[in-house]
Amino acid sequence: MGNPTADALTAFLTPIYDEEERQIRSASQGRWRSRGFGRRDSYAIVIDNAGSPVLLGAFEGPHSSADALHACRHDPGRGLREVAAKRSRLALMVEAHQLKDQIAAGGRGDLAMTTGRAVMATLAVRHDATVYCDRPGYRPEWNLQSGVPAAGEAAYSTHRSWS
């Protein structure tokens, strides 16, 4: 492509998006719903599968309702839409840099406008990459968000299946 930042972002994010999509597709499909059960502070995540609810998991404790609702909002359908949106932004960045390089090499078009498009697309993808700041290969210079913890400074522990 010719842009080191865009090339590095593409190399970093593409396998992550592939992994996310594989994990999402292997999860229980269907619309996830939260339902209270038993005690006041107990909630379950269920899938309504042809009229029979299938239990996916249960949460107990003072945050159980919020935990269950959060999990339901990130069901496989939403996860796949999010991965598709991130892949689209990545493709837009690659396309913008390719067009900028073509115009810079003597092709027809407005170089300033095309350069601006490539810069803005790269900024959007750098924001996307910040989500993965705790992954090997993340570069701190990609972080554009003030107040976002750097790798190792997360405010909560994370399960790292990629280690």
Is it true that some residue in segment 85-105 is modelled with pLDDT of 95 or more, within 15 Å of the chain's Cα centre (by Cα) and hydroxyl-bearing (Ser, Thr, Tyr)?
yes
State whether the residues of segment 20-27 include one that is surrounded by fewer than 16 Cβ atoms within 10 Å (Cβ to Cβ), in a strand (DSSP E or B) and free of Cβ contacts under 8 Å to residues at least 12 places away in the same chain.
no
Given the condition more than 16 Å from the chain's Cα centre (by Cα), at pLDDT 90 or above and on the phi < 0 side of the Ramachandran plot, answer yes or no: does some residue in segment 51-73 qualify?
no
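Scan segment 36-50 for residues that are within 27 Å of Glu20 (Cβ to Cβ) and at pLDDT 75 or above and report the count. Full working, then the answer.
Of the residues in segment 36-50, the ones within 27 Å of Glu20 (Cβ to Cβ) are 43-49.
Those still in the list that are at pLDDT 75 or above too: 43-47.
The qualifying residues number 5.
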Inside segment 74-86, can you point out the residues that are crowded, with 17+ Cβ neighbours inside 10 Å, in a helix (DSSP H, G or I) and of a type outside the set (A, V, I, L, M)?
Pro76, Lys86
Determine if segment 129-138 includes at least one residue that is in a helix (DSSP H, G or I) and at pLDDT 95 or above.
yes
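Quick one: in segment 87-97, which of the residues that are aliphatic (A, V, I, L, M) and buried (at least 16 other Cβ atoms within 10 Å of the Cβ) is farthest from Ala11 (Cα to Cα)?
For segment 87-97, the residue satisfying everything is Ala96.
The values are calculated or read from the model by the stated rules, or taken from the named source; none is laboratory data. Note that the coordinates shown come from a computational prediction; the quantities given were computed from them, not determined experimentally. A quick note on method: Cβ atoms are made from the backbone with ideal geometry, for glycine too, and the neighbour counts reach across all protein chains shown.
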